[in-house]
Amino acid sequence: MNTRWWWGSVVVLTIACQSTKDFGRPPGNGVDPCGLVTCESTGASCGPVGDGCGLTLGCGGCAESEVCGASSPFTCGVNPCTPRTCAEAGATCGRVPDGCGGLTPDCGTCTGDQVCGVGAVSNTCADVPCVGLCQQQNACASQPRTTITGKVTAPGHANTAVFGEPDPIFGALVFVPNGAAGPPTWGVQPFSPGVACESCSSVVTGAPLITTVTAADGTFTLTDAPCGTDIPLVIQLGRWRRQITIPAVACCANTALAAKQTHLPRDRGGEPGDVRSDLPLIAVSTGAADTLHCVLRKIGIDDDEFTNPSGNGRVRFYQDNGAKLDASTPTASTLYGSAFELDDYDMVLFECVGDRQPKSDAEQKRVINYANAGGRVFATHFSYVWLTDSDGTAGSNTAPKPFSQTASWLVDQILADSATGLVDVSLQGDPATRTRRVAFSTWLQNVGASTVPGQIPVNVVRKDAGAVSTVPATAAGTPAQRWLFADDPGFSAPLQFTFDTPVAYPPLQRPARQCGRVLFNDFHVSDSAVPDATFPTECTDGPLTPQEKTLEFMLFDLASCVGPQPTACSPKSCDQQGLDCGLAGTGCDDETVLDCGTCTNGRFCGGGGIGLCGTGLCVPRTCEDLGANCGVIGDGCGGTVDCGTCEGNGTCGGDSTPNVCGIVLL
C-alpha cells in the first residue's frame, strides 16, 4: 500500500493498491467490479447501468415489441409509438412511413391524368406540371397525335453481312427526358460506379416527360411527344443506355426513327452525334467448357471493349481455365477472392470450367453479398458451385443458404446431347415475371430461333436439379422463376431459371426491396471452347445460333432493372424525406421500399418523431439528476451518459458514493 502525509493537520490516508483485476475488469452477468451498484440494486431489467466506479453493466434487452424505459426507467414496456394512418399522414396514394418504423397499407391510387407524388406534396395525386418540353406537346385537335416510333435492337455489328441483323430488345425503356428544361440535377446523370441496389425508378434520370417500353419485337411508340427541333431521346435497359438527339419531330404526325438511331451502344463512344453511350461493366470468369463471352461479342459489343481489369473496356477477363486476353489476364480467384473486386462490376459471368470445383464458404458468401447488393450473376453448368454444395449424393444440398434453397439440387445426374427446351408460360411466379417469360416465347419465334411456339432444340444439356423451389416467399409466387425446362422421356429437368435477390424463405419474409438477380443455365452455349485460348481466336464469326439467341435474351433480361417501371414522379431518398430509421416508400405510387436504417443505444424508430430515432416517452436521466460527476451512468432508456473523469488522486466511487469522485479510504 501507499502512505501519504498531508501537512497542516496530521492525517494519514492509506490508499490500497487496487489491481486492474478489481477496478478494470469487464462487467458481466450483473456483477459489478467495485461493489457499489448492481442491476439488482437499481432494479434494472434492461439497458446498461453504471457500476458507480466508471464502468457499465449490461442488464439485458427487451423483446422485439418492447422498449427499454417505455413505462419506467430500466424496465421493458410496450413500444409507446402509435402507428399513424394514411389520413393522419395526409397521403392519398402510395405508402408512407407509419412513424414507428413500418409502412402504412396502400393509401390509394390516382385516377384520370393525375400522378402520385408529382406535385409539391409527396404521396398525393396531382396533375403533372407543364414545364420545358411539355410546352411543345401539341393538343393536335382533330388531327393525328404527335408520335415517335422505332425499333430497339441489340448493339449489332456494323458488318451485318457476316454477323447478320441485330435482334430486337424486349422491355427497354424509351423516354423523352425533360431534364434540359430544369436545373442541372434534372439531366441524364452518369451512373455511379460499382454495384448498386437500384430500382427501375432510381436507375432512371433525366426527368422523363413521356415513356414507353418496347414490345417483344422491339417496337415502341411514344405518344404526345414534344415537337420541334433537337428533341432528346433516351433508350435504356438497366445500365445499357443510349441518349440521342432527334433533329426534328413533326407536330401532329409520326416521326419514324432509323435503325442506326435505336440500337443499343456497341462501345462507350457511341455513334457520331450521340449525347451519351453507356454499357454495363461486366466481369467474365472464363471457362474451358463454354464460350459465353463470345455471345457478348456476337451481339455486337466492340472488340476494343474486351480488356483485362487494368484496362478501360466494359467487358473484363478473369481466367479460370478458359480464354485470356494476354499473359497479364488475372486468375478468376482474383475476382471472387475479394469483395472489393466483385463490387466494381454491374454483372459477373461464371463460365463452365468442365468439372465440379467446390468453392469455400467465404467465396460463396462474397457472391451472395454481391447479388444482394444489386449485382447480377450468371452461372452456367458446373458454375452451380456458387449456388449449391451438392456433390451428387442425397442430403448434400445444405449450403450456401439461401441460394441452395432455390432448387432441389442433386448435381451431375444426366448429361445429354440434346433435348427439347420448353418455355414455361404457366401461371407460376408473379405476373410481371410471367409477362417476361411469355415475351421470351414470342421473341424466340420473332428471331427465328423457335419454329414451334414455346419450343426450342437445346444441345449439350445437363440435369443438376429436379425442380426449382416451390417454397413460397410470398403468396404471390415462388422465389425462383423457371424459364426453360425439358420434359423428354428419360430427361425431365429445369434448364434455365432466375431468382431476384435478396431472397428469403419462411419463417423469414420476402425482403421489402429486391434489386439483384441470378441466372442459372444448365446447358452450354457450345462445346467449342479452347482452353487457354487468346481472345478472340476461340470465337466464331457469323450470326447467332438459335441456342446463342436464347442466351442473348437472358443476358439482357439479367441486365434489366428489378421492379416496376418508373412514372413521372421523381422518387425521394430517405435523406430527402428526412428519415433516419424504419421503412419508407419513395413518395411515388410504386412498389419500392426503402430501408432507412435502425436505431441504436436504446432508441427506437418513432421515438424522436416520424421516422426518427429517439427515446419517446422515456425521459433520459442526466448526471445532474443523480449528482454524478464521473463515470458512466445508464440513462434509464437503454442508453448511457458519460459524467466525466476524476482529477488528481480522485477515484470514481472512491468514497463509496456511486459516480462521485473521492479517495479510497481504508
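The values are calculated or read from the model by the stated rules, or taken from the named source; none is laboratory data. None of these values were measured; they are calculated from a predicted model. With ideal geometry, Cβ positions are generated from the backbone for all residues, glycine too; neighbour counts draw on all protein chains shown. Just so you know, the surface numbers come from the protein's heavy atoms only, side chains and all, with ligands and any DNA or RNA stripped out. Shrake-Rupley method; radii C 1.70, N 1.55, O 1.52, S 1.80 Å.
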* Restricting segment 326-347 to residues that are touching a residue at least 40 places away in the same chain (Cβ under 8 Å) and within 20 Å of Glu538 (Cβ to Cβ), the residue that is most open to solvent (accessible area, probe 1.4 Å) -> Asp326
* Can you name the condition, by its number, that Val377 falls short on among (1) outside any strand (DSSP E or B); (2) of a type outside the set (D, E, K, R); (3) within 23 Å of Phe317 (Cβ to Cβ)? -> (1)
* Asked: How many residues, within segment 599-654, are open to solvent by less than 40 Å² (accessible area, probe 1.4 Å) and part of a strand (DSSP E or B)?
  -> 10
* To do: Please state which one of Thr393, Thr398 is at pLDDT 95 or above and in a loop (DSSP other than H, G, I, E, B).
  => Thr393
* Report yes if some residue within segment 255-275 is at pLDDT 95 or above, assigned to a strand (DSSP E or B), of a type in the set (Val, Ile, Thr) and crowded, with 23+ Cβ neighbours inside 10 Å; otherwise report no. => no
* Flag for Arg316 being open to solvent by 10 Å² or more (accessible area, probe 1.4 Å) and in contact with a Leu (Cβ under 8 Å, 6 or more places away or on another chain) -> yes
* Asked: Which members of segment 229-241 meet the condition of being more than 23 Å from the chain's Cα centre (by Cα) and open to solvent by less than 10 Å² (accessible area, probe 1.4 Å)?
  -> Ile231, Leu233, Val234
* Asked: Does segment 183-228 hold any residues that are open to solvent by 30 Å² or more (accessible area, probe 1.4 Å), among the β-branched types (Val, Ile, Thr) and in a loop (DSSP other than H, G, I, E, B), and which are they?
  -> Val195, Thr205
* **Members of segment 313-325 that are under 24 Å from His157 (Cα atoms), in contact (Cβ under 8 Å) with a residue 40 or more places away in the chain and part of a loop (DSSP other than H, G, I, E, B)** => Arg314, Ala323, Leu325
* Could you tell me which numbered condition Asp625 fails, if it satisfies all but one of (1) at pLDDT 85 or above; (2) farther than 30 Å from Pro105 by Cα? => (1)
* Structure fact -> Residue pairs qualifying under the 6 Å Cβ cut-off, at least six apart or on distinct chains, with the first in segment 486-501 being part of a strand (DSSP E or B) and the second being of a type in the set (S, T, N, Q) and open to solvent by less than 10 Å² (accessible area, probe 1.4 Å), are Gln496/Asn521; Phe499/Thr406
* Where a residue in segment 123-143 is assigned to a loop (DSSP other than H, G, I, E, B) and its partner, wherever it lies, is open to solvent by 60 Å² or more (accessible area, probe 1.4 Å) and among the β-branched types (Val, Ile, Thr), with Cβ under 9 Å and at least six apart -> Asn123/Thr92; Thr124/Thr92
* **Pairs with Cβ under 7 Å, 6+ apart, first in segment 100-121 and surrounded by 19 or more Cβ atoms within 10 Å (Cβ to Cβ), second acidic (Asp, Glu) and at pLDDT 85 or above** => Thr104/Asp98
* Any chance Phe382 is of a type in the set (Phe, Trp, Tyr) and open to solvent by 10 Å² or more (accessible area, probe 1.4 Å) -> yes
* Structure fact -> When segment 123-137 is checked residue by residue, the ones that are crowded, with 16+ Cβ neighbours inside 10 Å and either on the phi > 0 side of the Ramachandran plot or at pLDDT below 85 (or both) are Asn123, Val128, Gly132
* To do: State whether one or more residues within segment 598-617 are touching a Cys at 6+ places or on another chain (Cβ under 6 Å) and either of a type in the set (Asp, Glu) or without any contact (Cβ under 8 Å) to a residue 12 or more places away in the chain (or both).
  => no
